[in-house]
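Right, one structure below, let's go through it.
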Amino acid sequence: QVQLVESGGDLVQPGGSLRLSCAASGSIFGSFLMGWYRQAPGKQRDLVAFITVAGTTNYGDSVKGRFTISRDNAKNTAYLQMNSLKPEDTAVYYCNALAWGSTNWVPRFDWGQGTQVTVSS
């Protein structure tokens, strides 16, 4: 089982930036496609970005052009650079390795504690 620890969340003003980190235990991190999810109060947890082992990235429409996902396999860490933040980006952000289910990506491992991002003036 891989353990995931997210960090980097904070309170930031609209238009600001944050960089989230996701540290994964174990030496098999480089074998997995990694994704960032977010969950706002009262809403479902949604996948907002993912990165393949080779570094190909994909983004949800709501964050495209503002967020950048990356990974450092040597450090077993994934990142999410968030720019031009909006109040609607406020959520708890989680990372996980992904597997393809029958119709969509699904998380492979137990969730970490997440990291809170609040965008407010």
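The values are calculated or read from the model by the stated rules, or taken from the named source; none is laboratory data. Treat the numbers as computed from the prediction; the structure is a model and nothing was measured. Ideal geometry is used to build each Cβ from the backbone, glycine not excepted, and the neighbour counts take in all protein chains shown. These accessible areas exclude ligands, DNA and RNA; they are computed on the full protein's heavy atoms, side chains included. Shrake-Rupley method; radii C 1.70, N 1.55, O 1.52, S 1.80 Å.
Before moving on, here are some points about what is shown:
- Loop-located trypsin sites (Lys or Arg not before Pro) in the stretch 57-106 whose Cβ has at most 13 other Cβ within 10 Å (DSSP): Lys64
- With each label modelled as a point 7 angstrom along the Cα→C-beta vector, the Gln44-Asp61 pair spans 1.6 nm.
- Spin-label model, Val106/Ser31: points 7 Å from Cα along the beta carbon direction are separated by 1.9 nm.
- Spacing of the modelled spin labels on Ala23 and Asn83, each 7 Å from Cα toward Cβ, amounts to 2.7 nm.
- Here the 3J(HN,Hα) profile of the stretch 67-83, calculated from phi with Karplus coefficients 6.51, -1.76 and 1.60 at θ = phi - 60°, is 10, 9, 9, 8, 8, 10, 5, 5, 9, 6, 9, 10, 10, 9, 8, 10, 10 Hz, Gly and Pro shown as x.
- Among Gln113, Cys95, Ala74 the positive-end extreme of the charge dipole of the chain (Cβ point charges): Ala74
- Using the Cβ-Cβ distance between Gln116 and Asn73 with R0 set to 25 Å, the FRET efficiency works out to roughly 0.40.
- Accessible surface of the chain, 1.4 Å probe, proportion on carbon and sulfur as whole %: 48
- For the stretch 91-108, 3J(HN,Hα) per residue [Karplus equation, 6.51 cos²θ - 1.76 cosθ + 1.60, θ = phi - 60°, Hz, x = Gly/Pro]: 4, 8, 9, 10, 10, 6, 6, 10, 10, 7, x, 6, 9, 7, 6, 10, x, 8
- Mean accessible surface per residue for the stretch 1-115, computed with a 1.4 Å probe while every protein chain stays in place, in Å²: 52
- When peptides 97-105, 47-55, 28-36 are sorted by average Cβ neighbour count within 10 Å, with the highest value leading, the order is 28-36, 47-55, 97-105.
- Summed over all non-identical Cα pairs, the Kirkwood treatment of the chain gives a radius of 14.3 Å.
- Taken over the stretch 22-80, the percentage of Cα pairs per 5 Å bin, counting from 0 up to the bin with the maximum distance, is 4, 19, 28, 21, 16, 9, 3, 0.
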